[in-house]
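Before any comments, here is the structure.
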Amino acid sequence: MSEAAQLIANHRVHVVPVVLALANPPWQRDVWLDPSAFENLDHVFHTLFDDFCDADEPERYLGVSLRSDEEVVLMRELGAALNAAAAEAPNDTDAEHLQSSAWPDVVSIAGRLAQVMVTNDLQELATLLEDAAVPDPCQIARGATGNSGEQVGGNSGSDTASPQVGSATSRERP
């Protein structure tokens, strides 16, 4: 994996789960409103505005934590919706944010962004797998059988069964 691909993966491992959480109201109620939980809305704001992105100016994170122009546009919209919700939370509590009139927009935009981000990550993973030219595992394993049942690289006249199809009693003991 290239250094650039590692950088974006290291950032996205933080950004994508936060966006998914913003798109999931049951998670928000169960986790963010539980004072003993490990995550809260403050974590979300730090991740999206300070630590791994800048939802106010996401363009500079294209290629760092965002993969496409569509992600940049949606992140900017999400930042604006989060700022609108924060403006309606005078005491800056998670409950106030979740009750703000802007919160349904946060959830909706986060849902669209999550879908785009996950799709882009899956496309990147598929490209990485294609580039790696991963051979069929059946062709790698010593003594593996091909589709015809013949042992790959072995003697077709052998009377020992391949590991995939033979029983423990049909193998010779050393």
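Each reported figure results from applying straightforward, stated rules to the coordinates on display, with no laboratory input. Treat the numbers as computed from the prediction; the structure is a model and nothing was measured. Here Cβ is always computed from backbone atoms with ideal geometry, including for glycine, and neighbour counts include all displayed protein chains.
Under the 0.36 nm per residue contour assumption, what length would be gained going from the current alpha-carbon distance of Asp121 and Leu62 to full extension? Intermediate values should be presented prior to the final figure.
On the way: separation 59, 0.36 × 59 = 21.24 nm, distance 1.39 nm.
Full extension of this stretch gives 19.8 nm more.
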Original post:
Under 19 Å from the 7 Å Cα→Cβ point of Ala95, by amide nitrogen: which residues of the range 21-58?
Top reply: 25-43
Original post:
Can you sort Val106, Val72 by how many other beta carbons sit within 10 Å, fewest first?
Top reply: Val72, Val106
Original post:
In a solvent-free Debye calculation with one equal scatterer on each Cα, what is log10 I(q)/I(0) for the range 27-77 at q = 0.14, 0.15, 0.23 Å⁻¹, listed in the order of the q values?
Top reply: -0.43, -0.47, -0.78
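Could you give the C-alpha radius of gyration of the range 38-141 expressed as a fraction of 2.2 N^0.38 Å, taking N as the number of residues it contains?
Numbers: Rg = 17.9 Å, N = 104, 2.2 N^0.38 = 12.8 Å.
Ratio of Cα Rg to 2.2 N^0.38 Å: 1.39.
Placing +1 at every Lys and Arg Cβ and -1 at every Asp and Glu Cβ, with all other atoms neutral, what dipole size does the range 7-119 have around its Cα centre, in debye to the nearest 20? Before the final figure, lay out each step's value.
Working: 6 positive and 19 negative charges, 83 e Å.
The dipole magnitude comes to about 400 debye.
Given a Förster distance of 41 angstrom, what is the FRET efficiency for Ser36 paired with Ala84, based on the Cβ-Cβ distance and rounded to 0.05? List each step's numbers first, then the result.
On the way: r = 29 Å, r/R0 = 0.71.
Once the sixth-power term is evaluated, E becomes 0.90.
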